Amino acid sequence: MVTPTAPHVYLQDIAGWDGKDVTLKGWLYNKRSSGKIRFVIVRDGTGLIQCVGSINDIGDEGLAAVDSLTQESSVIVEGTVKAEPRAPGGFELVLKKVVPVHVALGEFPISPKEHGTAFLMDNRHLWLRSKRQVAIMRIRHSIVKAIRDFFDERGFTLFDPPIFTNAACEGTSTLFETDYFGEPAYLSQSGQLYGECGAMALGKIYTFGPTFRAEKSKTRRHLTEFWMIEPEVAYAEMWDAAALAEDMICFVVRRVLDTRREELTAIERDPAILEKIQKPFPRICYTDAIEVLKKSGHEINWGDDIGGDEETTISNQYDRPVFLHHFPADLKAFYMKRDPNDPKLALGFDLLAPEGKGEVIGGGQREDDYDTLVARIQEHGLKVEDFEWFLDLRKYGTVPHAGFGLGLERTVAWLCGLPHVRETIPFPRMISRLKP
RNA sequence: UCCGGAGUAGCUCAGCGGUAGAGCGGGUGGCUGUUAACCACUAGGUCGGGGGUUCGAAUCCCUCCUCCGGAGCCA
């Protein structure tokens, strides 16, 4: 490899180098030619640029070097940055030197034409190099960073729960079972119970890690492995947790709008829709929601679960997320506290994203009374001895506490305007997708 | 698990009883300003597997497999 003489620059910084000589290190995205001139589009992971190679500048040898490169061959180029209004991005590189690093061993499977989703998912490891996927990954990164900044700035401590667990958190969902030195162990489907321990130790914490659901769900909203953020706050009640969720969402949306305009444009997401995500979010209780749904023609009765279509009907009434709260206790997990004014109801809430994107947050206040919680565990057919450590939180200085869980991939899908969560994570795990 | 839909060239698809097709991608050649460049030529197929009907099946029937969308369940 020839040592470059001009400084190595990333394309995201190219605007500061107009008129100067630079070295770019990247991959060939596409190329065109006309007689003794070559047009080479190079990407370096931070952007794309068209490089122009004329026989007058790079000679027959340079042209041959360009011609040897195929799509996604790696290459180091040197040249002069030139402002060019016709070029996407506003700049071109006038080539002086072309150094192939590795000529791809075969035809790159993903051509710059249309492909089906199944094919692209089979080639996910290569699909990630495309402009659109790069933009989504950057937005995902910024959402993660914003969430962490939000909690860190408010004095929360990151508290990592285990992934191997000995029992179900919520009894209902299906768990992935593994062999743990001869004993069955399950991949965590929620860090919440452990988060509650953290809240009692540290006051306010958040967990942030992968969770696993072995449900055979085949929808655009489901992954078997997904990332969840679960804050838990001691001495907090249901509406405190809802207000926290509201502040967090607004903080994250603001951050994406402030730092990822370019990426939103790349994926054709209209920022005006996100600008509307402002406090306060509407709050509608389950009982009222049922009435709204009946009037909209849904066949639903009090006590029924609110399904995907029903969620869309409700969220379509607003241009921002909406809280659904006070569900029938029977629909919710054993650890959820009941409403003292109406024990049929649970002190829980869901946050429904607009545009039919569905539930992105579920949360509420936890049952904090020892005897009541023991009874709930038994009612749900769970073994009390599996939860002794969890019950200890109610034995030693129990306090009201509340929290919520945010599904990261659903949030990314919503903010990016994607119809399916599979593009929001580098390597999605779904019922029929374990590879790559 | 249930209900729909789809499997034909590397990719996206057309063909739906009578010789296997197109566009893109690949290869070769041409062109000094191309923008998913263009022009010419070219290679490339067990029509998802198995069974059946028929003189003849990619096409009709049965069966299995795989994938996609939705329901249930959930974030």
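Just tell me which aspartates and glutamates come within less than 20 Å, Cα to Cα, of A:K82; anything on the same chain fewer than 8 places away is out.
A:D13, A:D18, A:D21, A:D44, A:D57, A:E92
Do the sum for chain A: with -39,500 (n - 2.57) for every DSSP H run of n ≥ 4, divided by all residues, what is the mean residue ellipticity at 222 nm, to the nearest 500 deg cm²/dmol?
Rounded to the nearest 500, it is -9500 deg cm²/dmol.
Give the average over all directions of the projected area of the C-alpha convex hull of the range A:1-75, one decimal, in nm².
5.1 nm²
Distance check, please: which entries in A:K337/A:K395; A:K20/A:K97; A:K20/A:K131; A:K145/A:K357; A:K25/A:K97 exceed 18 angstrom between their Cα atoms?
Too far apart for the 18 Å limit: A:K20/A:K131; A:K145/A:K357.
Between A:K279 and A:A64, what length comes free when the chain is fully extended (0.36 nm per residue of separation minus the Cα-Cα distance, one decimal in nm)?
Additional length available on full extension: 71.5 nm.
Mind telling me which of A:E183, A:E310, A:E263 comes out most flexible in a GNM of chain A, alpha-carbon contacts under 10 Å?
Largest GNM mean-square fluctuation: A:E183.
What ratio of Cα Rg to 2.2 N^0.38 Å holds for chain A?
Chain A yields a ratio of 1.19.
Among A:R220, A:R86, A:R261, A:R140, rank each residue by its count of other Cβ atoms within 10 Å, from fewest to most, as a rough exposure measure.
A:R86, A:R261, A:R220, A:R140
We did not get these values from a lab; they are worked out from the coordinates using the rules stated. Just so it is clear, the model here is predicted, and its values are computed rather than measured. Glycine also receives a Cβ, built like all others from the backbone with ideal geometry; neighbour counts cover every protein chain displayed.
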